[in-house]
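Nothing in this text is a laboratory measurement; each read-out follows from the coordinates by a stated rule. Please read all numbers here as calculations on a predicted model, not as lab measurements. Using ideal geometry, Cβ is built from the backbone for each residue, glycine included, and neighbour counts are taken over all protein chains shown.
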Amino acid sequence: MELTDRLRGVTPPLVTPFSNGAVDHDALTALVEHAVAGGVAGLFPNGTTGEFASLTDAERAAVVETTAAAAPADVPVLAGVADTAVADVLAHADRAADAGADAVVVTPPYFHGPNGGPEASRGDGLRSFFETVADEAPLPVFLYDIPSCTGTTIPAATALALAEHPNVVGLKDSSGDFGSFCRLVREAPNDFLVLQGFDNLLYPSLRVGADGGVHALSNAVPEAFVDLYAAATASEAVSENAGGDTAVALHEAVGTLFDACLDGGFAPATKAALVDRGVLEDDAVRPPLSTLDADGKNAVATALSAIDGV
């Protein structure tokens, strides 16, 4: 089965567990097993929720290696390889390929964004960056639009142009711009995956034709997101019946959990959720992040209980 076919569904951006300040590879293996048991389509180590920017190059490679070793052969591993220089992105990609990844995920460069005033000019710089990476990357490339972290959005026109590159196979959209997202769904080639990155937008995204989602909180409750995907994409969900009712109920429960995690940040909140679920023993994060306070953890636990009731 083609990579893009296997990734139609829900892919968690895996947290990176820590113990005594170091990456806890045993806990990471347990997390992979939990996600796979929940029915996820793929696994995404070294994403934003995985605190990749707080890991060394060696740690990033080791996280991919552990994830790939624990993943079944039919569950693809998408390794985050974000960096600010093309050469560094490609070095991460080479290490990810050696570690067993199936694809790489690339953000726009951060700190130095593309110059130029009009969107078309900015898009030219981004297109050049991504095309240079895609030309030389040893694995298929996913684009990752997350302007809250990079300071730069990927214009829809630029993403659609890059979709024509034979080694660019999809995009994770964490922009929150649903109009732009819908344009990508409408106009992208059929074999180019368009994945929603906002947990609370998975249901409407699927209803307009998205291929799936990459959601932080699917680390903790993968079965809820997988059930939401199944209910929202089932043919009977287009009418007011049990399938549609299930999708809406799950959408509302996921939205409540998403809202409970906003203030604390998604790496700390997702780790708190995983501890609440008994998947992880330690919710430690690396500076500048900090763990949730008691009120934050209680809010997450309450929202998790609501999901259990659906």
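So how far apart, in nm, are the two label points at GLU281 and ALA301 if each is 7 Å from Cα heading toward Cβ?
My value for the distance between the label points is 1.9 nm.
Test of understanding: given the chain, find the longest segment containing no GluC sites (Glu not before Pro) that are in a DSSP loop and have at most 11 other Cβ atoms within 10 Å.
The segment 3-163 is the longest one with no such site.
How big is the C-alpha Rg of segment 118-220 next to the rule-of-thumb value 2.2 N^0.38 Å, as a ratio? Kindly include the intermediate steps, with their values, before the conclusion.
On the way: Rg = 13.1 Å, N = 103, 2.2 N^0.38 = 12.8 Å.
Scaled against compact globular proteins, the figure is 1.03.
Report relative contact order for the chain in percent, whole number only (criteria: Cα-Cα under 8 Å, sequence separation at least 6). It would help to have the intermediate numbers written out before the result.
Values: 600 pairs, mean separation 54.1, N = 310.
Contact order relative to length: 17 percent.
Give a residue-ordered list of calculated ³J(HN,Hα) values for segment 150-161 (Karplus: 6.51 cos²θ - 1.76 cosθ + 1.60, θ = phi - 60°; whole Hz; x for Gly, Pro).
With coefficients 6.51, -1.76 and 1.60, one gets 9, x, 9, 9, 8, x, 4, 4, 5, 4, 5, 5 Hz.
Treating the beta-carbon of each Lys and Arg as +1 and of each Asp and Glu as -1, no other charges, what is the dipole magnitude of segment 128-253 about its Cα centre, to the nearest 20 debye?
Numbers: 4 positive and 17 negative charges, 34 e Å.
Computed about the Cα centre, the dipole is about 160 debye.
Take the eigenvalues of the Cα gyration tensor for segment 137-196, scale each by 5, and report the square roots as semi-axes in whole Å, largest first. Could you put the intermediate results ahead of the total?
Values: eigenvalues 61, 40, 16 Å².
Each semi-axis is √(5λ); the values are 17, 14, 9 Å.
Taking 0.36 nm per residue of separation and subtracting the Cα-Cα distance, what length does fully extending THR56 through ASN190 add?
Answer, rounded to one decimal: 44.6 nm.
Just add up the charged neighbours of HIS92: K/R +1, D/E -1, any other residue whose Cβ is under 9 Å from the Cβ of HIS92.
-2
For the residue pair ASP124 and THR84, what label-to-label distance in nm results when each label sits 7 Å from Cα along the Cα-to-beta-carbon direction?
The answer from the label model is 2.4 nm.
List the residues, sorted by chain then number, that are 5 or more residues from PHE44 or on another chain and whose placed amide H is less than 5 Å from its amide H.
Sorted by chain and number, the residues that satisfy this are LEU14, LEU78.
What FRET efficiency comes out for TYR110 versus ASP135 if R0 is 30 angstrom and r is the Cβ-Cβ distance? Round to the nearest 0.05.
Numbers: r = 21 Å, r/R0 = 0.71.
After rounding to 0.05, the efficiency reads 0.90.
Using the number of other C-beta atoms within 10 angstrom as an exposure proxy, rank LYS172, LYS297, LYS271 with the fewest first. Could you put the intermediate results ahead of the total?
Details: LYS172 27, LYS297 20, LYS271 30.
Going from least to most buried by this count: LYS297, LYS172, LYS271.
Helix-only estimate, please: 222 nm mean residue ellipticity of the chain, summing -39500 (n - 2.57) across DSSP H runs of length 4 or more and dividing by its residues, to the nearest 500.
Taken over the chain, the calculation gives -14500 deg cm²/dmol.
So in segment 3-222, what percent of DSSP beta bridges are antiparallel if you round to the nearest 5?
In segment 3-222, DSSP labels about 10 percent of beta bridges as antiparallel.
When the scattering of segment 3-222 is computed by the Debye formula from its Cα atoms alone, each counted once and equally, what is log10 I(q)/I(0) at q = 0.14 Å⁻¹?
The computed values of log10 I(q)/I(0) come out as -0.78.
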